[in-house]
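Can you keep this structure in mind? I'll have questions shortly.
Each reported figure results from applying straightforward, stated rules to the coordinates on display, with no laboratory input. A quick note: this is a predicted structure, and the numbers were derived from the prediction, not measured. Here the Cβ positions follow ideal geometry from the backbone for every residue, glycine too, while neighbour counts run over all protein chains shown.
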Ligand code: MV4
């Protein structure tokens, strides 16, 4: 593909976001000698991203619909401050093609993909079609919109129940319906269509074979505006609760070299198929036989990008900025390698003992973990109030170590050092997950939380000593497991023989 791009040095970036990701982006900008502009709502006057930026502009009242989502006010803030580029972060306007277009039409650089790529990938059907054309495996099903119930039933019969009806304009699990048997098909399809119409203004739906126990594995890609595209390996994101990711890691315990290359090359084909540039993520589900299938592509920097940064040494935000300036990628595929293992846990202000109810309030005390291999991406300090208007994620805790068992032990150590009082958080829920045999042996899938978590497993709350014991135990268990099989941890047999010794260790702790 011929693309002629003239280099344009960015001098001042407006970050159209808040919280940890706004800070994260500004840090890379600062290292590159680029000035930064924060935008903020009236609820965020004292926020750290505002304090960190060189300049800040208030864009409206607390609700995001009146501030962080106001394209007109954000463009006005660019004009006022003389910003020459906009980084959208994740969430908010990051996957809004209209915003990307408006930024470019104002003569500014959008640090992300083209509006056309955002639009194309916003349609799951268009994305699947592009993937299929380039030989990327899809879940058995249709890559065209269903026209009527009878046609839907015919297709469902062909692929076999259970099937999943998905909205083309959906994504992230919104507007999906499982159909177990033909008697239910008509009703579920009608519901799916009417949900899709009311949620997205687009009633197009399609069918896929329902994969009941998948792993969610995604591939980070980076492309420049000269046609170069690389993959930065996988992130395993199966530990999630109601489509909200809880733990992410890289690399995945079930992906071996051959599978890694096959998935990476498939991801690059998907991205190239739509002339993609900048950072993107290609999502796959993986079934119990380790077949992988393309699901969708996210056209933004993702929350979990730090685990990829830790294992590759690449600063993804810096690369995004360089690409937006028109530079070619600063490395080739051959120069990328995985170094060690990284895990991220998301710390939410939610109460795992009370159905994960958002638990916003004042951070009475807040002490971050420190020490070797620990990174905390956050935007809070002790004494701050967590606003009720936005996502309840307060921090991302990321660790890097030389292998998976040490990373798990390191994460449990870091969690034990993390002191947050005044609000309930998901930290001990994360500790529970990390110690679970199914997490330790790598066999977990997207049903992990549903399958194993009840509030009782947190009671009584773990003492520091217990966390230490658990950390040591996780490391030992993994070492034993590895001796038993030399398979690259790709052995997805559920908990074989592990559970018993786990119970003993719990009693002793
Ligand atoms: C699926 C699936 C099973 N079979 N598709 C959920 C989010 C959206 N990106 C697609 N999702 C799924 N699609 C088929 N054919 C199961 C899920 C799914 C899921 C996927 C990734 C991560 C977490 C998930 C939780 C529940 C369901």
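Report the Cα centroid-to-centroid distance between the stretch 40-62 and the stretch 371-405 in angstrom, as an integer.
The stretch 40-62 and the stretch 371-405 have Cα centres separated by 20 Å.
I've got another one for you. Roughly how many nanometres apart are two label points built 7 Å out from the Cα toward the Cβ at residue 354 and residue 133?
The two pseudo-label positions are separated by 5.2 nm.
Cα gyration tensor of the stretch 318-440, axes a ≥ b ≥ c as square roots of the eigenvalues: rounded (a/c below 1.5), prolate (a/b > b/c) or oblate?
oblate
Give me the extension gain from residue 71 to residue 459: residue separation times 0.36 nm, minus the current Cα-Cα distance, reported in nm with one decimal.
135.1 nm
How large is the helix-only mean residue ellipticity at 222 nm for the chain, computed as the sum of -39500 (n - 2.57) over DSSP H runs with n ≥ 4, divided by its residue count, in deg cm²/dmol to the nearest 500?
Theoretical 222 nm ellipticity from helices: -10500 deg cm²/dmol.
Calculate, in nm to one decimal, what residue 334 and residue 98 gain on full extension: separation in residues at 0.36 nm each, minus their alpha carbon distance.
Length gained, residue 334 through residue 98: 81.4 nm.
Taking 2.2 N^0.38 Å as the expected size of a compact globular protein, what ratio does the Cα radius of gyration of the stretch 78-188 give against it, to two decimals?
So the Cα radius of gyration is 1.44 times the expected 2.2 N^0.38 Å.
Could you tell me how far the Cα centroid of the stretch 230-271 sits from the Cα centroid of the stretch 68-142, in Å?
22 Å
Another one. If each of residue 452 and residue 315 carries a label point 7 Å out from its Cα toward its Cβ, how far apart are those two points in nm?
Each label point lies 7 Å from its Cα, and together they span 3.7 nm.
Given axes a ≥ b ≥ c from the Cα gyration tensor, I'd like to know whether the chain is rounded (a/c under 1.5), prolate (a/b larger than b/c) or oblate.
rounded
Efficiency by 1/(1 + (r/R0)^6): what FRET value for residue 51 and residue 7, r their Cβ-Cβ distance, R0 = 35 Å, to the nearest 0.05?
With a Förster radius of 35 Å, E is 0.65.
Here is a follow-up. Would you list 425, 147 from fewest to most Cβ contacts within 10 Å?
Final ranking by Cβ density, sparse to dense: 147, 425.
Using r as the Cβ-Cβ distance of residue 385 and residue 194, and R0 as 51 Å, what FRET efficiency do you calculate, to the nearest 0.05?
Computed FRET efficiency for residue 385 and residue 194: 0.80.
Next question. Calculate the spin-label point distance for residue 242 paired with residue 403, positioning each point 7 Å from the Cα along the beta-carbon direction, and give it in nanometres.
Each label point is offset 7 Å from its Cα along the Cβ direction, giving 3.9 nm.
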